[in-house]
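Asks: Structure incoming, see below.
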Amino acid sequence: MNDTDFTGKTVLVVGGSSGIGNGIAHAFRERGGRVHVWGTRATAADYDGVEGSDLAGLGYTRVDVGEPDEIEAAQAPFETLDVLVLSQGIVVYQRGEFERAGWDKVVAVNLDSLMHCCRKFHEPLKASRGSIVIISSISGLGANRGNPAYAASKAGAISLTRTLGQAWARDGVRVNGVAPGLVDTKLTKVTTEHPRRREAAVAAIPAGRMGLPADMAGAVIFLASPLASYVNGQTLAVDGGLSL
């Protein structure tokens, strides 16, 4: 059997309705997985025409993970779970994260919800000896002067990955992470839609290009697969060398 064949496995990608998460969801689907995603719009049809969103072949549930009670109340449309990918994430620009409302909103989605989701699905993952992959960011490895909540929440995600990796190893649940660099999604339009900013950003990346959701998906597939059976608590920077 191919180590990256997920036939017969069930995968939930939180934040899988668009962007990086959507690319990850389809990577598992293409490898045989039964894939379900959580997003914020009422139905899957509400993503029709949205850039970076393709829900064909994926199950869908609306859950606003910024609200802990919604996570708690969400009904799992599967009896077993083998892989949990946490790809939810928001950012507030124009220095909005320096204000209470912006800070609270970003931290609730980018950090608090990670623990709430992990706790919700701990038992089914323990039963399957499954895997969690948390998507953080290289912003969690350094400073981000315009986005304190984003940077702090992503640093927290990296630390949470280490901590849960240690705490849940005895349960047979591996917890790892991916820290993307600059990836061309709706979250990075503030850079990618301005030619001068885009050129400067790409010039700082040793690989000479921005990342794609498929680049992140490859790392997630590896971490969730038997190929990474002895990898635990680690966050892999997938950034074209930007953090170097």
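The values are calculated or read from the model by the stated rules, or taken from the named source; none is laboratory data. What you see is a predicted model; the values in this text were computed from it and never measured. Cβ atoms come from the backbone with ideal geometry, glycine included; neighbour counts cover every protein chain shown.
Asks: Looking at segment 54-86, which of its residues are closer than 27 Å to Val183 by Cα, among the small types (Gly, Ala, Ser) and either in contact (Cβ under 8 Å) with a residue 60 or more places away in the chain or out of contact with any helix residue (DSSP H, G or I) (no Cβ under 8 Å at 6 or more places or on another chain) (or both)?
Replies: Within segment 54-86, Ala56, Gly59 meet the criteria.
Asks: Out of (1) touching a Ser or Thr at 6+ places or on another chain (Cβ under 8 Å); (2) under 19 Å from Ile134 (Cα atoms), what's the single condition that is false for Ala25?
Replies: (1)
Asks: Hey, any hits in segment 207-219 for a residue that's within 14 Å of the chain's Cα centre (by Cα), outside any helix (DSSP H, G or I), surrounded by 21 or more Cβ atoms within 10 Å (Cβ to Cβ) and not basic (Lys, Arg)?
Replies: No: segment 207-219 contains no residue that is within 14 Å of the chain's Cα centre (by Cα), outside any helix (DSSP H, G or I), surrounded by 21 or more Cβ atoms within 10 Å (Cβ to Cβ) and not basic (Lys, Arg).
Let's see how each residue does on (1) farther than 16 Å from Asp82 by Cα; (2) modelled with pLDDT of 95 or more:
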residue	(1), (2)
Thr4	no, yes
Thr7	no, yes
Thr10	no, yes
Gly15	yes, yes
Ala27	no, yes
Arg34	no, yes
Gly39	yes, yes
Ser53	yes, no
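Asks: Looking only at segment 166-182, how many residues end up being buried (at least 18 other Cβ atoms within 10 Å of the Cβ) and assigned to a loop (DSSP other than H, G, I, E, B)? Walk me through it before giving the result.
Replies: We begin by selecting, within segment 166-182, every residue buried (at least 18 other Cβ atoms within 10 Å of the Cβ); these are 168, 173-182.
Remaining after also requiring assigned to a loop (DSSP other than H, G, I, E, B): 168, 173, 181-182.
Counting residues in segment 166-182 that are buried (at least 18 other Cβ atoms within 10 Å of the Cβ) and assigned to a loop (DSSP other than H, G, I, E, B) gives 4.
Asks: Tell me, please, whether a residue that is surrounded by 14 or more Cβ atoms within 10 Å (Cβ to Cβ), in contact (Cβ under 8 Å) with a residue 40 or more places away in the chain, small (Gly, Ala, Ser) and farther than 24 Å from Gly8 by Cα can be found in segment 31-46.
Replies: no
Asks: Oh, and also: Do we have any residue at all in segment 76-87 that's of a type in the set (Val, Ile, Thr) and over 19 Å from the mean Cα position of the chain (by Cα)?
Replies: Yes, segment 76-87 has at least one match.
Asks: What tally of residues in segment 138-173 results from selecting those that are more than 21 Å from Gly66 (Cα to Cα), touching a residue at least 40 places away in the same chain (Cβ under 8 Å) and not β-branched (Val, Ile, Thr)?
Replies: 10
Asks: Does any residue of segment 74-87 turn out to be modelled with pLDDT under 95, under 23 Å from Arg29 (Cα atoms), of a type outside the set (Asp, Glu) and touching a Gly at 6+ places or on another chain (Cβ under 7 Å)?
Replies: Within segment 74-87, one or more residues are modelled with pLDDT under 95, under 23 Å from Arg29 (Cα atoms), of a type outside the set (Asp, Glu) and touching a Gly at 6+ places or on another chain (Cβ under 7 Å).
Asks: How many of the residues in segment 183-206 are outside any loop (DSSP other than H, G, I, E, B), surrounded by fewer than 18 Cβ atoms within 10 Å (Cβ to Cβ) and without any contact (Cβ under 8 Å) to a residue 40 or more places away in the chain?
Replies: Here the count works out to 11.
Asks: Let me ask something else about it. Kindly indicate the residue of segment 145-165 that is touching a helix residue (DSSP H, G or I) at 6+ places or on another chain (Cβ under 8 Å) and under 14 Å from Arg119 (Cα atoms) and also surrounded by the fewest Cβ atoms within 10 Å (Cβ to Cβ) among those meeting that condition.
Replies: Among those that are touching a helix residue (DSSP H, G or I) at 6+ places or on another chain (Cβ under 8 Å) and under 14 Å from Arg119 (Cα atoms), it is Leu160.
Asks: Take segment 87-112 and flag every residue that is in contact (Cβ under 8 Å) with a residue 60 or more places away in the chain and among the small types (Gly, Ala, Ser).
Replies: Ser87, Gly89
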